[in-house]
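What follows draws every value from the coordinates through simple rules; no lab data is involved. Given the structure is predicted, the values throughout are model-derived calculations rather than measurements. In this analysis, Cβ positions are derived from the backbone assuming ideal geometry, glycine residues included, and neighbour counts consider all displayed protein chains.
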């Protein structure tokens with residue numbers, strides 16, 4: 001956990017737990033104590049490159065869940081392995097997170113629903129909804145959704161020779 005904490009410029013004591021997983025992109029999922037720690041994190045690319053960047057999952061998804069907020073999470077996504085310093089809404093990470101939480105649960109059947117606030121610290125707030133369904137001890141379905149706003153459009157016309 002010390003390499004993960006160093007890559008995020010936080011202390012090891014700030015990290016409650018971390019694990020690797022992914023649906024699509026691979027992530028190191030990092031649960032920290034509170035939203036203030038999520039906001040305080042900053043990617044240290046040198047520490048990342050010498051530690052987490054060489055691991056099974058080179059991307060980091062940092063989140064907190066306040067005890068009174070239930071299934072509402074506050075998160076930030078860093079994907080330096082694909083040249084994304086920080087992402088405002090990381091659907092692949094949300095899918096991996098809800099699937100990982102469901103798989104790690106001792107319950108053999110159930111549905112997990114999460115509301116995830118991301119992009120707040122970078123001024124691009126996003127709200128994602130992630131669900132996972134588990135049957136017979138295995139995750140059998142994962143979905144992620146949210147709203148989108150069109151910020152641009154265009155047409156490309158290809159001319160022949």
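Observations on the structure shown:
- Checklist (1) out of contact with any helix residue (DSSP H, G or I) (no Cβ under 9 Å at 6 or more places or on another chain); (2) part of a helix (DSSP H, G or I); (3) crowded, with 18+ Cβ neighbours inside 10 Å applied to residue 48, failing item: (1)
- If the condition is being without any contact (Cβ under 8 Å) to a residue 60 or more places away in the chain, over 11 Å from residue 61 (Cα atoms) and crowded, with 19+ Cβ neighbours inside 10 Å, then region 8-32 contributes 10, 14, 15.
- Set side by side, the residues 57, 41, 35 differ, and just one is in contact (Cβ under 8 Å) with a residue 24 or more places away in the chain, touching a strand residue (DSSP E or B) at 6+ places or on another chain (Cβ under 7 Å) and surrounded by 21 or more Cβ atoms within 10 Å (Cβ to Cβ), which is 41.
- Residues of region 101-118 classified as surrounded by fewer than 22 Cβ atoms within 10 Å (Cβ to Cβ) and either free of Cβ contacts under 8 Å to residues at least 12 places away in the same chain or under 11 Å from the mean Cα position of the chain (by Cα) (or both), total: 2
- Residue that is surrounded by the fewest Cβ atoms within 10 Å (Cβ to Cβ), among those in region 125-147 that are in a loop (DSSP other than H, G, I, E, B) and under 18 Å from the mean Cα position of the chain (by Cα): 147
- Scope region 82-97; condition farther than 18 Å from residue 37 by Cα and crowded, with 16+ Cβ neighbours inside 10 Å; matching residues: 89, 90, 91, 92, 93, 94, 95, 96, 97
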